[in-house]
Structure formats: C-alpha cells, structure tokens
Amino acid sequence: MAHYEKQIEAEVAEKTQTNDAVNNPKHYTNHPSGIECIQVTEHMGFNLGNAMKYIWRCDLKKDAIEDLKKARWYLDREINKRENG
C-alpha cells in the first residue's frame, strides 16, 4: 500500500471518531469511499481539482446535472489553458 493511501486511511479513521461541523462535517464523508474530496483534490491544479469536486459530490446534492455542468466548465478551462498556453 502506498504511503499516501495509509495516510488517507489514518485521516479517515481519525475524522470518523469526531463530529466537528467546521473541520469534519459528516456530509464531507458521505461519499461511498468514506474519504473527503479534499484529500484527492489538494494534489491537483485548481481547474482539475474543482472539476473533481463537482463530479465527486454531484450525486450527494439535489441537482446532479448542475454540478456536472460546473465540472465541465472547469474541464473546458483546463483544456483551453493547455491548448493555448
């Protein structure tokens, strides 16, 4: 198991023991994986991280289509940035 996977597991275990509405709101770990989106997105650039955030939580919110469109918007920005420098 990679070092970062062990770190994520440790963070998840620690955070599931407490309910802190600021640092560890329960809805942040509603994803079936049990980890927080930030644990993944903090390793990405801004556009890709935001796209991932919207994809990650699209089924946890009322309007999945809206979040998927927001994700596409950030992906389009990243593509444009890479294509046009």
Candidates per GluC sites (Glu not before Pro) in segment 31-85, loop by DSSP, up to 11 other Cβ within 10 Å:
Glu42
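Among Lys69, Lys62, what's the order by accessible area (1.4 angstrom probe), most exposed first?
Values: Lys69 115, Lys62 205 Å².
Greatest to least solvent exposure: Lys62, Lys69.
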Residue-by-residue Karplus 3J(HN,Hα) for segment 38-52, coefficients 6.51, -1.76, 1.60, Hz, glycine and proline x:
4, 5, 9, 5, 5, 9, 10, x, 4, 5, 5, x, 5, 4, 4
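The values are calculated or read from the model by the stated rules, or taken from the named source; none is laboratory data. Since the model is a prediction, treat every value here as computed from it, not as a measurement. Cβ atoms come from the backbone with ideal geometry, glycine included; neighbour counts cover every protein chain shown. Only protein heavy atoms, including side chains, enter the accessible area calculation; ligands, DNA and RNA are left aside. Shrake-Rupley method; radii C 1.70, N 1.55, O 1.52, S 1.80 Å.
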